[in-house]
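Note sheet for the following structure.
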Amino acid sequence: MFSFNMFDHPIPRVFQNRFSTQYRCFSVSMLAGPNDRSDVEKGGKIIMPPSALDQLSRLNITYPMLFKLTNKNSDRMTHCGVLEFVADEGICYLPHWMMQNLLLEEGGLVQVESVNLQVATYSKFQPQSPDFLDITNPKAVLENALRNFACLTTGDVIAINYNEKIYELRVMETKPDKAVSIIECDMNVDFDAPLGYKEPERHTQPEESTDVEADHSGYVGDLGFRAFSGSGNRLDGKKKGVEPSPSPIKPGDIRRGIPNYDFRIGRITFIRNSRPLVKKVEEDDSGSRFIAFSGEGQSLRKKGRKP
């Protein structure tokens, strides 16, 4: 008996499990149907036809399904996941920001291939506008937006929607590879300075030397109003009896405030009288004190006493 084998070597399993098809791509706004599919624009997943699901189910591919999109006319490529298999045959629907990265127009041809990507451990983003700094917690906003993405590619400009405003961020770096999967991963996120951002100028004040002695000449001017410190004038113009103004206070005579050494935490002391208390006079000096109505009366005319 004679046996004839067309292939001397079996076909590698890699080619058997590979999905590679070419589709005409359109933006999500061209998707027919009564339902609004604006949620597709907020992520990094595409919509493929049902025939792709039938073909993928026959292949021994790994999950989650990740794809490499290539525009052969411009040599641009990116990676994405799949959201649904409800598109018309021969057509796939992409987010608008993904079509911009691939330099694709409506109805352009895109090559779709299944790939396996490593799990991400680190990524770095650069906002394309300084307006991104107005967000209170940008890391939390980005983490919430990346839940709608399946993978990241270095060099892509992704778009996230927050408070009815679209922010664009460029993927500057990804680890451990240039294209990584971000599904169920623990990834460290870092930010680069936004485009057009300028550091605020800081004016440095010259440091004053502390070795110079303190100047007390300005203390006198800070005393404010002083009662009865002016000079008097007579109606007749004479200078008799007019006392000169008091001599200016010397800086050394200025008395500083005395701290309350009896202060205790939790106790409030109300000072009713700021004047110093009069010291008590000792008993032996009691004779020198003034006593009202203690004098003797005098009469201008002395009257004789009757016997």
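With a threshold of 30 Å on the Cα-Cα distance, the over-threshold entries among Lys72/Lys139; Lys42/Lys124; Lys45/Lys165 are Lys72/Lys139.
Thr269 exposes around 80 Å² of accessible area when a 1.4 Å probe is run over every protein chain in place.
Size of segment 122-191: Rg and Dmax of its alpha carbons, in Å, are 11.4, 33. State the extension gain, in nm to one decimal, for the chain segment bounded by Asp192 and Gln55, taking 0.36 nm per residue of separation less the distance between their alpha-carbons. Here the answer is 45.2 nm. Here the extension length gained between Asn144 and Gln118 equals 7.2 nm, from 0.36 nm per residue of separation less the Cα-Cα distance.
Extending 7 Å from Cα along the Cβ direction at Phe85 and again at Ser29 yields two label points whose distance is 3.0 nm. Let me know the whole percent of all Cα-Cα pairs from segment 20-115 that are separated by more than 17 Å. Pairs farther apart than 17 Å: 44 percent.
The values are calculated or read from the model by the stated rules, or taken from the named source; none is laboratory data. Everything numeric here is computed off the predicted structure, so don't read it as measured data. FYI the Cβ positions are ideal-geometry reconstructions off the backbone, even for glycines, and counts take in every protein chain you see. For accessibility, only protein heavy atoms count, side chains too; no ligands or nucleic acids. Shrake-Rupley method; radii C 1.70, N 1.55, O 1.52, S 1.80 Å.
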